[in-house]
Amino acid sequence: MSGTSLRVAVVGAGIAGATCARTLADAGHAVQVFDKSRGVGGRMSTRRVTLDSADADAVLGLDHGTPCFAVTGAEFLDFVEQGQRAGLLARWTPRLASHSAGLPGGVMWVATPDMPALCRALLKDLPLRTLCTVDGVRRSGATWSLESAGATVADGFDAVALAIPPQQAAALLGVHRPDWAARAQAVPMLPVWVLMGTTDAPATGCDWDLALPASGPLALVVRNDAKPARAVLAGQAQWVVHATPDWTGAHLDTPADQVQAMLQAALADCVGDALAWRFAAVHRWLYATLAAAPGDEPADGAWWDAGMGLGVCGDALAGGGVEGAWRSGRALAALVTAAASGDQT
Ligand SMILES: Cc1cc2nc3c(=O)[nH]c(=O)nc-3n(C[C@H](O)[C@H](O)[C@H](O)COP(=O)(O)OP(=O)(O)OC[C@H]3O[C@@H](n4cnc5c(N)ncnc54)[C@H](O)[C@@H]3O)c2cc1C
């Protein structure tokens, strides 16, 4: 590495990667972002659904990744409030179901009009390549190249930032930093089956937006249409339902149609209504959330090898969740920038 402006490849366009890329670009580095998905946002995701309706096609978005997030740190609150002023984030104070096990506590936040909106805004005007699964990172001389499906997709980078879940990062790290690969592989991540869909409004009525059932297969039930800036269809209810990690673990390989039927039945029990479904789908997240902070998190919230120009960030390195991912992305960008400045002296 030389000079203060580095060419940096950021792999992963979730909140960690988007934050890292934006912070690096603002510091004057030339950043290119790669993601395997069609869009950005990672686990801050929204499934777009077109429903047949009597009048016209109704398009709505169901937030099947993180439904909302909390804010604890002052710096993150500052960032979130800036996002609110820019119309990208909104406060949400859901009405809790009386049969809920516990309260998430405090105000929650959602991105608007959908969850990936925040990452889209952070990545605005940055070079981005989607539908590109990076399956190898190669160092030749002082620069890095990225590989996908046996071909080099980009090269000439001074540094690579991996902003992907730890188990996926491990596969790319093995050759370069086997110690990191082993640590990443060991990070405990929880899987979650998610049911999303729309029904006719429950006949029993439903005076809550969020439920945390105390027992059974469901961990969380969200009325997606009660969140700020979401489409509301008259006479209908929109649901996003998370199974518990234990239930998910026991049904990891159960066919999706069976999982869907079981979660629909569990939701009907929770709501106290048979529910007439208009649309339903399930999604299995293998690495949804951090099980618990591993206890050996890096103090900076990111891993950085200045000698190689290789770094890792993501929720798992900074306590988990959207806030952890944001902190980690920023931390890695700061480490890269500090190393670049140090090179000049
Ligand atoms: C169901 C669910 C519920 C959640 N609930 C909450 C909650 O209530 N509160 C909270 O704070 N957080 C919650 N989270 C967690 C939160 O969404 C994550 O902590 C955060 O979004 C992680 O951001 P990230 O950038 O670290 O990773 P990700 O969002 O996973 O981003 C990684 C990106 O890398 C891409 N990628 C992966 N491998 C490759 C590859 N080889 N090549 C190219 N691209 C690749 C992926 O497509 C993805 O876009 C929840 C998550 C889920 C799934």
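The values are calculated or read from the model by the stated rules, or taken from the named source; none is laboratory data. Bear in mind that the values here come from a model prediction, so they are computed numbers and not experimental data. No Cβ is skipped: glycine too gets one built from the backbone with ideal geometry, and neighbour counts run over all protein chains shown. Ligands, DNA and RNA are excluded from the accessible area calculation, which covers all protein heavy atoms including side chains. Shrake-Rupley method; radii C 1.70, N 1.55, O 1.52, S 1.80 Å.
Rolling a 1.4 angstrom probe over the protein heavy atoms with all chains in place gives the chain an accessible area of 42 Å² per residue. When the Gaussian network model of the chain links Cα atoms closer than 10 Å, the mean-square fluctuations of GLN168, GLN82, GLN238 top out at GLN82. Each of GLU75 and ALA30 was given a label point 7 Å from its Cα along the Cα-to-Cβ line. The distance between the two points is 2.8 nm.
Modelled spin-label separation between VAL59 and HIS176, with each label point placed 7 Å from Cα along the Cα-to-Cβ direction: 3.8 nm.
For the Cα trace of segment 46-100, dividing Rg by the Kirkwood Rh returns an Rg/Rh value of 1.12. Please determine, in degrees from 0 to 90 and to the nearest 10, the orientation of helix 74-85 with respect to the longest principal axis defined by the Cα atoms of the chain, where the helix direction is its Cα long axis. Result, in degrees: 70. Enclosing the Cα atoms of segment 100-213 in their convex hull gives a volume equal to 203 cubic angstrom per residue.
Helix 15-26 and the long axis of the chain differ in direction by around 40°, with both axes built from C-alpha atoms. Over the Cα atoms of segment 219-298, the radius of gyration divided by the Kirkwood radius equals 1.04; this is the Rg/Rh ratio. Normalised by residue number, the volume inside the convex hull of the Cα atoms of the chain is 146 Å³ per residue. Directionally averaged projected area (segment 67-160, Cα convex hull): 9.8 nm². Binning the C-alpha pair distances of segment 147-261 at 5 Å intervals from 0 yields a P(r) profile of 2, 9, 13, 14, 12, 12, 11, 10, 9, 5, 3, 1, 0 %, listed from the shortest bin outward.
The THR93 and ALA214 beta-carbon pair, evaluated with R₀ = 25 Å, returns a calculated FRET efficiency of approximately 0.70.
When the chain is treated as a GNM with alpha-carbon contacts under 10 Å, the residue of ALA163, ALA325, ALA306 showing the greatest mean-square fluctuation is ALA306.
Hey, with R₀ at 51 Å, roughly what FRET efficiency would ASP155 and VAL107 work out to, going by the Cβ-Cβ distance, to 0.05?
Numbers: r = 45 Å, r/R0 = 0.88.
In this case the efficiency is close to 0.70.
How far is helix 256-271 tilted off the main Cα axis of the chain, in degrees rounded to 10, range 0 to 90? Roughly 60 degrees, rounded to the nearest 10.
Exposure check, 1.4 Å probe, all protein chains in place: HIS29 carries approximately 10 Å² of accessible surface. Treating each Cα of segment 202-345 as one equal point scatterer and applying the Debye formula with no solvent, the log10 of I(q)/I(0) at q = 0.17 Å⁻¹ comes out as -0.99.
Residue-wise HN-Hα couplings along segment 117-123, as the Karplus relation 6.51 cos²θ - 1.76 cosθ + 1.60 with θ = phi - 60° gives them from phi, are 4, 5, 5, 4, 5, 5, 8 Hz; Gly and Pro carry x.
If R0 is 56 Å, the Cβ-Cβ spacing of GLN258 and ASP305 corresponds to a FRET efficiency of close to 0.80.
Model label sites at LYS124 and ASP52, defined 7 Å from Cα along the beta-carbon direction, differ in position by 3.9 nm.
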